[in-house]
Amino acid sequence: MNNLILIGFMGCGKTSVGFQLAKRLNFNFCDTDQIIEEKVKDTINHIFEIKGEEYFRKLETETIKGLIGKLNNTVLSVGGGLPIQTGNERLIRELGCVVYLKTSKDTIMQRLSGDTTRPLLAGDQDKRIEKLLSFRAPIYEAAAHLIVTTDGRLIHDIIDEIINRTGVLL
Ligand SMILES: Nc1ncnc2c1ncn2[C@@H]1O[C@H](COP(=O)(O)OP(=O)(O)O)[C@@H](O)[C@H]1O
Ligand SMILES: O=C(O)C1=C[C@@H](OP(=O)(O)O)[C@@H](O)[C@H](O)C1
Ligand SMILES: [Mg+2]
């Protein structure tokens, strides 16, 4: 098994870093949000609106369970809330080396200003990020094998650090 699993808060860069990291390593790339959208043929926003968050969380857990034993040479980015559900952190650690893209609230605010694709941040984005991030950050830290900070850093620099520190090319 040779997989990297990217976790962290919305806007930390899991999808964009994961996609480029996979290209650089010549690995496959998967993203649980993309798998879910393809599976139910609907957008994350619309799933939340019509079926609610609880239903989406069930889809996430089903998705991660379905990947156990099936991934090799893959970078997997998971939705920001997936490791928060009890039991999922054990599943992602089973899949591979878990990397937390640690990012401050200010950076998340900058990156997601004007974004309308994250239903949990609709409304008062500042307050929502603050509340969710303070609850989730210790869970991400505990789930991770490796923590990489992303504030003020270019994607290629983050990718270099992940490759150097995981020794994934060795
Ligand atoms: N290191 C970075 N520097 C600048 N912008 C970034 C960086 N990482 C991600 N972004 C931008 O932030 C936004 C959210 O990134 P995304 O990969 O969708 O995050 P996530 O999947 O963790 O929610 C995108 O517009 C992306 O281009
Ligand atoms: O943090 C969360 O609860 C969520 C994060 C989103 O993915 P990203 O982390 O890729 O933005 C997506 O799964 C959904 O909007 C819920
Ligand atoms: Mg994403």
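The values are calculated or read from the model by the stated rules, or taken from the named source; none is laboratory data. A quick note: this is a predicted structure, and the numbers were derived from the prediction, not measured. Counting neighbours? That spans all protein chains shown, and the Cβs are built from the backbone with ideal geometry, glycine included.
Of the residues making up region 140-160, those that are more than 18 Å from G81 (Cβ to Cβ) and assigned to a helix (DSSP H, G or I) number 6.
Inside region 23-36, residues that are within 15 Å of ligand 3 (Cβ to nearest atom), buried (at least 17 other Cβ atoms within 10 Å of the Cβ) and assigned to a helix (DSSP H, G or I) make up a count of 4. Residue check: E49 meets all listed conditions (1) surrounded by fewer than 18 Cβ atoms within 10 Å (Cβ to Cβ); (2) assigned to a loop (DSSP other than H, G, I, E, B); (3) within 12 Å of ligand 2 (Cβ to nearest atom) but one, namely (2). Please determine, by comparing only the residues of region 117-139 that are under 13 Å from G11 (Cβ atoms) and outside any helix (DSSP H, G or I), which one is farthest from ligand 2 (Cβ to nearest atom). Only one residue fits best here, namely T117.
Can you name every residue in region 62-115 that is in a loop (DSSP other than H, G, I, E, B), within 25 Å of R24 (Cα to Cα) and among the charged types (D, E, K, R)? Break it down into steps so the answer makes sense when it comes.
Within region 62-115, the subset in a loop (DSSP other than H, G, I, E, B) is 68-73, 78-81, 85-87, 96, 103-104, 113-115.
Filter once more, so that each one left must be within 25 Å of R24 (Cα to Cα): 68-73, 78-80, 96, 103.
Of everything in region 62-115, just one residue is in a loop (DSSP other than H, G, I, E, B), within 25 Å of R24 (Cα to Cα) and among the charged types (D, E, K, R), namely K70.
Can you find, within region 1-22, the residue that is surrounded by the fewest Cβ atoms within 10 Å (Cβ to Cβ) among those that are more than 10 Å from ligand 3 (Cβ to nearest atom) and of a type outside the set (A, V, I, L, M, F, W, C)? Looking at residues that are more than 10 Å from ligand 3 (Cβ to nearest atom) and of a type outside the set (A, V, I, L, M, F, W, C), I get N2. Note on region 14-42: residues that are more than 9 Å from ligand 2 (Cβ to nearest atom) and touching a residue at least 60 places away in the same chain (Cβ under 8 Å) amount to 6. The listed residues are T107, T32, and the only one of them that is more than 20 Å from R153 (Cβ to Cβ) and modelled with pLDDT of 95 or more turns out to be T32.
Against the condition under 24 Å from E94 (Cβ atoms), free of Cβ contacts under 8 Å to residues at least 60 places away in the same chain and outside any helix (DSSP H, G or I), how does F9 come out, does it pass?
Working: under 24 Å from E94 (Cβ atoms): yes; free of Cβ contacts under 8 Å to residues at least 60 places away in the same chain: no; outside any helix (DSSP H, G or I): yes.
Against the criterion (under 24 Å from E94 (Cβ atoms), free of Cβ contacts under 8 Å to residues at least 60 places away in the same chain and outside any helix (DSSP H, G or I)), F9 does not qualify.
Residue-wise test of (1) farther than 21 Å from L146 by Cα; (2) touching a strand residue (DSSP E or B) at 6+ places or on another chain (Cβ under 9 Å); (3) within 15 Å of ligand 1 (Cβ to nearest atom).
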| position | (1), (2), (3) |
| --- | --- |
| T15 | no, yes, yes |
| L21 | no, yes, yes |
| Q34 | yes, yes, yes |
| H46 | yes, no, no |
| L59 | yes, no, no |
| S77 | no, yes, yes |
| P83 | no, yes, yes |
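Give region 59-88 a look and list any residue that's of a type in the set (S, T, Y) and away from ligand 3 (no atom under 15 Å from the Cβ), or say none.
Of region 59-88, the ones of a type in the set (S, T, Y) are 61, 63, 74, 77, 86.
Once the filter is applied, which keeps residues that are of a type in the set (S, T, Y) and away from ligand 3 (no atom under 15 Å from the Cβ), region 59-88 yields T61, T74, T86.
Scoring A144 on the criteria (1) within 16 Å of ligand 2 (Cβ to nearest atom); (2) in contact (Cβ under 8 Å) with a residue 40 or more places away in the chain; (3) exposed (fewer than 13 other Cβ atoms within 10 Å of the Cβ) leaves a single failure, condition (3).
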